[in-house]
Each structure stands twice: as structure tokens, then as C-alpha cells.
Amino acid sequence: MLVRLLYASRALDTSPGAIEAILAQSRQYNPACGITGILCYGGGIFLQAIEGGRMPVNELYGHIQRDTRHKDVALLHFEEISERRFGGWTMGQVNILKLNQSILLKYAEKPELDPYAVSGKVSLALLEELMATASIVGRV
């Protein structure tokens, strides 16, 4: 049973080193658990999609909720899926600050990442567009 979970959180440490540590941990842990996904970050906000088996995804989300590097963790979207959309990445990444702002403006009132202000489906559509426009890096 494959599932996709989308959540948002606020970073307590937005330094490049802290973000790289989160990505490195994901890339080390996720393959053994069969988890794939992408992480968007910018302006102190994380938007992450994770895909995999129901129990591994739920366990990872529980870990994220307890992770002291995150606050205001919010579940945006959860669904059973027949196939992965983000299966090419153990944890791909998108730095929102390096994007063409018109992509963000297409999905929000302002050209900034604020998944707390839009529906989970809108956030998922943004991630799909980022994938379609080759904005995701870190394919592993």
C-alpha cells in the first residue's frame, strides 16, 4: 500500500548547513525504508512530500512532528496512491528563493511559499509543476 503525505513546517534554523543536514539525513534514511519525496524550502518554511509504504511514511511523519528542528508542523494532504510521482528522488530539493517568482504567484496571492495559506491540493500542484519544470535538484 503506497501513500503520499504532504506537510508544512517552520524551520528553527534556516542556515544552509541546517538544511543540508536535514537533506543528508533524509538521503541516508529514506532508501532503506522505501521512502521518496521532495523538500521545498524558503523564507523559513518547509513544504515536503513523502511517498512510500503506509507504515514507513507514518513513522517518518511522527518523527518529523517530534523533531526539534521543526515547529508548526501541519498535515496538508494524505492519500493512498497507485504510483509514486516523486519516485526519482530519495529526497529532492527546491530552494524557493532561486525560482522564477511567477511559478509561486500562479498558486498563491503573493509570490512566496506559504503552504499554510493554501489548500493541500494547491501545494501538491505546485510541487508537480516544480517537477515538470525541472526545478527539483538532488536526483539520487
**OP:** Note down the relative contact order for the chain as a percent, whole number, built from C-alpha pairs under 8 angstrom at least six residues apart.
**Re:** 33 percent
Original post:
Sequence-distant or interchain residues sharing an amide H contact under 5 Å with GLY44, placed H: which?
Top reply: none
Subject >> Computed lengthening from ALA132 to GLU112, 0.36 nm per intervening residue step minus Cα-Cα distance >> reply: 5.3 nm
**OP:** Subtracting the Cα-Cα distance from 0.36 nm times the residue separation, let me have the gained length for ASP72 to LEU12 in nm, one decimal.
**Re:** 20.6 nm
Original post:
How large is the helix-only mean residue ellipticity at 222 nm for the chain, computed as the sum of -39500 (n - 2.57) over DSSP H runs with n ≥ 4, divided by its residue count, in deg cm²/dmol to the nearest 500?
Top reply: -11500 deg cm²/dmol
Subject >> Accessible-area order (highest first, 1.4 angstrom probe) of the listed residues VAL122, VAL94 >> reply: VAL122, VAL94
Original post:
Say we join alpha carbon atoms closer than 10 Å with springs in a Gaussian network model of the chain; which of LEU39, LEU99, LEU76 then has the biggest fluctuation?
Top reply: LEU99
**OP:** Whole number in Å², please: accessible area per residue of region 1-133, 1.4 Å probe, ligands, DNA and RNA not counted.
**Re:** 49 Å²
Original post:
With every protein chain left in place, what is the accessible area of LYS121 in Å² (1.4 Å probe, nearest 10)?
Top reply: 150 Å²
Original post:
In the full protein assembly as shown, how much of MET1 is accessible to a 1.4 Å probe, in Å² to the nearest 10?
Top reply: 130 Å²
**OP:** May I ask you to rank ASP67, ASP114, ASP13 by accessible area, largest first, using a 1.4 Å probe over the protein chains only?
**Re:** ASP13, ASP114, ASP67
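The values are calculated or read from the model by the stated rules, or taken from the named source; none is laboratory data. All values reported here derive from a predicted model rather than from experimental measurement. All accessible areas refer to the heavy atoms of the entire protein, side chains included, with ligands and DNA or RNA removed. Shrake-Rupley method; radii C 1.70, N 1.55, O 1.52, S 1.80 Å.
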